[in-house]
Every structure is written in C-alpha cells, then in structure tokens.
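The values are calculated or read from the model by the stated rules, or taken from the named source; none is laboratory data. Only a predicted model underlies this, so the values are computations on that prediction, with no experimental measurement involved. Glycine gets a Cβ as well: all are built from the backbone with ideal geometry, and neighbour counts include every protein chain shown.
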Amino acid sequence: MKKLMKGNEAIAEAAIQAGCRFFFGYPITPQNQIPEYMSKRMPQVGGCFLQSESEVAAINMVFGAGGAGARVMTSSSSPGISLKQEGISYIVGAEVPCVIVNMVRGGPGLGGIQPAQSDYYQATRGGGHGDYHMCVLAPSSVQEAVTLTQDAFDIADRYRNPVMIMGDGLIGQMMEPVDLDEASNRKPAPDLQEKKWAATGHVPTEDAPRAVINSLYIDPQVLENHCKHLQEKYDAIEAAECRWQEEQVEDAELVIVAYGTTSRIVRSAMRKCRALGIKVGMIRPITLWPFPEAAIRATIPTAEKYLCVEMSMGQMVDDVRLAVNGERPVEFYGRTGGMVPTVNEIVGKIKELTGYSEDILSQAGKLFNDAVNAVGAAFGDIGKKIDETVKSPEFAQKTETLKKQAEDTAAKAADGIAKGADALATGLNKAIDALKKQFDNNDKGGEQ
C-alpha cells in the first residue's frame, strides 16, 4: 500500500524498518524532518534518539554505537557534514559500520538552504584526512531513497565501513507516493556475518577475542599495512557495489551523465529532444563512489560527445572526463547556489551541442518547397509549349498532310488487297476447270 511521504520522513522510517535503533544528530535545514521524525518513532520501537550539542558530538556518538555493533544513523546537511569529517575519518579507520545522510544545500560556508549537489568532492574524495572511501548512494526519488537507505545498512555491515546517502533539498522536502510494504521489517542481508568484532563487553574467547576499536597506529609500517587492508576492501566495494541506470544509450550520439534530482530534469529534456529526432541518452550514477566508469566507457563507440549536468560548478564532470579518457569531448552544464536547472535550459544545451536548429530546419524545408515548385514550374512550361504547338497552324497543316498521307496509303493498301483477291479467285476458277476437264477425259477412256 502506498503512502504519501516527505523524503526525509521516508528515509527515517526506512532506517527504522531496516533495524536502525540509534540516531544521533543536530538540526540543520533542509534535513530537519529526519531527526524530528526519529524523535517520535525511536521510543516507539525501543530505540534511542538523542539530539547532540553539535555535529561533532553527534558523529562521535555514532562512532560509539557502531563500535558496539548497533545499526546507527546520523543525518545533516553540507556544513554539518563538514563538521563531522574528522569523526568520519576515525570511523573509517576503526572499520565501524554506520549510515550517514547528507541532504545537500548550497555553499560554500553557510550558503543557503536551497538544494545543491556541490558536496560531490567531499563525499567521493574523502572529506576528512587520510586515504579512505565511503560507498556513496544517490537516490533520485523518494521511493529509491527508501530502498537505498535500507541497502546502505547492509553494505555498511558487509564491509565494516560507513555508507553515505547523498540527496539534496528537493529529495528531502518533496512528497511522493511510497510503498513501504517491501521495506517493512527488512531483515539484514543473508551474507552478513555475526559482529564478533564489536565491543559489547563480552567475555573474550578464542572465537571472539577482546574487541579493540581503534584507528591510531604509531608504527608507520603497521599503519601502512592497515591502509593496504582498507584498500583491499575498497577494491571489493568497487567490484561488487557499483550501480547505475542507462536510458536510450544504444544509439545515442550525445550521452548525458546526471544523478539525483538533476537526472529527473535531464530525463524530461532527453524525451523532448528524442521527439525532435535528436539521438540523446543518459547514464545515471546511483553510486557516486564507486563511480560507474565502465558503463560510460561502453558508450564511447557510438557517442560523439558527452554532457555532464550538475547542480554545482562542475565536480562529477571530472570523473566523467577520467572515464572517457580524452577519447570524446566532455561538456558541462550546471547551476549552483541553490538554483535548479530547468528542462528548457537543458534542451537548449542539447540543441547547441548537437547542432540542432529550428532555423536550419526551416531553411531546409524552404529549400525543399522551392525545389518542388521549380519542378512544377518546369513541367508547366513544357505543358504550355505542347499546348501552343498543338494549336499552331503549322501543326494543324502537318496533321492534315499526315492524315491525307495515311488515307492514301490505306486506300492503296485496300486496292491492292482487292486486286489480289480477284487474281486469287480467277486462279482458283481456272484450276477447278482444269481438274474437271481431266476427270471427264478419264471417264471417257474407261468406257472404251
């Protein structure tokens, strides 16, 4: 059964249905409905909601709950996520699973509360210190936000690593029908292992030794070995968790790359351009990291160029260019500061890049009509000349002469045929007379 829900509230409920029982956060627009919803629902399911004194405090509370093996989530928006970066780096280094939601707003600084996608670098490049990655999921609808939030908890537990849900103000604030039936009481993925590593206060055994949650390694060789171990995990995430969606790329001469809310606007623009005969397609990254590089490279044989559309000054475009590797031109179109690109803006950019122009088509149509008219005029002139020739005295005199010659020829032919018939009849009569005479003589000889 579908229910009309705001994006932020749907994400919060999806987390609860996936077994999240701890939430720590601090209010900031445009994600405030997440902690507000959690404050009501967590006590109802036996969970814990705590509004921290700051974003820094919130992420360290997440560190503690995740280290104890609990499913835990926090949420914030751009500058709040910036404040959490030190704690996120600690959590990655200590291999603690958790889910972090970022509803991106315009920046830099406090910026504005309108939607943006300008946190892409922060999310995919590791906003904190050290060599690290998080799996970053980018929903484009409220329903997909529900699914990806629940998937995020499984991915986090599978790799013992934080996972980020990166939306924007539109995803968080819009209301859409959501089917929560499948999301209800979501069980952990069957491949997940028991969290024997968690610091639960258990009595150490050989099977479950004393738990140590730590990211501090004084010996540089030990720290390097730890970083190599983490890199193996990132390689596994790249191999198994990369997600994307393709639309009409099979024959696309222009391939657009867009994610999240922007991809919905691009989809509408793409369909308008397809109706005009422009061969355009779209690749929508669902995981911003790992980035679907292979999917983009697969379109190079048919694509003539690429267009990256973002609500930023251009960040994901760098990953698109790395994927294309200079084999095709990669163009960029973006709005920032909370401004959202329109369908007509993107249609205009597509027409510009593909060389499509109504003026050119009108001129081509005019040339075609002119050619048709010229052919028609030429046939008209020929018809007029034929008509004038038929009606001229010279043509009439020639026609009479030819007619007389035909009549004379016909008369001569008829006279010849008549004479031939007379001669044939005379010859036949003579032959018959001769035969009769011969028979008469034979009869007389027989009587003697």
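Quick rundown of the values:
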{"quantity": "From the options Leu276, Leu307, residue that is farther than 30 Å from Phe153 by Cα, of a type outside the set (Lys, Arg) and either surrounded by fewer than 21 Cβ atoms within 10 Å (Cβ to Cβ) or in contact (Cβ under 8 Å) with a residue 60 or more places away in the chain (or both)", "calculated": "Leu276"}
{"quantity": "Residue list for region 159-173, filter: over 17 Å from Phe63 (Cα atoms) and either in a helix (DSSP H, G or I) or more than 22 Å from the chain's Cα centre (by Cα) (or both)", "calculated": "Gly169, Leu170, Ile171, Gly172, Gln173"}
{"quantity": "Test: residue in region 299-315 that is on the phi > 0 side of the Ramachandran plot and outside any strand (DSSP E or B)", "calculated": "yes"}
{"quantity": "Qualifying residue in region 233-242 (condition: crowded, with 18+ Cβ neighbours inside 10 Å, in contact with a Lys or Arg (Cβ under 9 Å, 6 or more places away or on another chain) and part of a loop (DSSP other than H, G, I, E, B))", "calculated": "no"}
{"quantity": "Residue within region 192-202 that is surrounded by fewer than 13 Cβ atoms within 10 Å (Cβ to Cβ) and closer than 18 Å to Arg21 by Cβ present", "calculated": "yes"}
{"quantity": "Members of region 174-191 that are exposed (fewer than 13 other Cβ atoms within 10 Å of the Cβ) and more than 28 Å from the chain's Cα centre (by Cα)", "calculated": "Ser184, Asn185, Lys187, Pro190, Asp191"}
{"quantity": "Qualifying residue in region 268-279 (condition: β-branched (Val, Ile, Thr), over 11 Å from the mean Cα position of the chain (by Cα) and in the same structural domain as Glu331 (by TED's automatic domain parsing))", "calculated": "yes"}
{"quantity": "Answer residue from region 13-52, given it is closer than 16 Å to Arg186 by Cβ and in contact (Cβ under 8 Å) with a residue 40 or more places away in the chain and is surrounded by the most Cβ atoms within 10 Å (Cβ to Cβ) among those", "calculated": "Ala15"}
{"quantity": "Output for region 1-26, where each listed residue is more than 19 Å from Ile88 (Cβ to Cβ) and in a loop (DSSP other than H, G, I, E, B)", "calculated": "Met1, Ala18, Gly19, Arg21"}
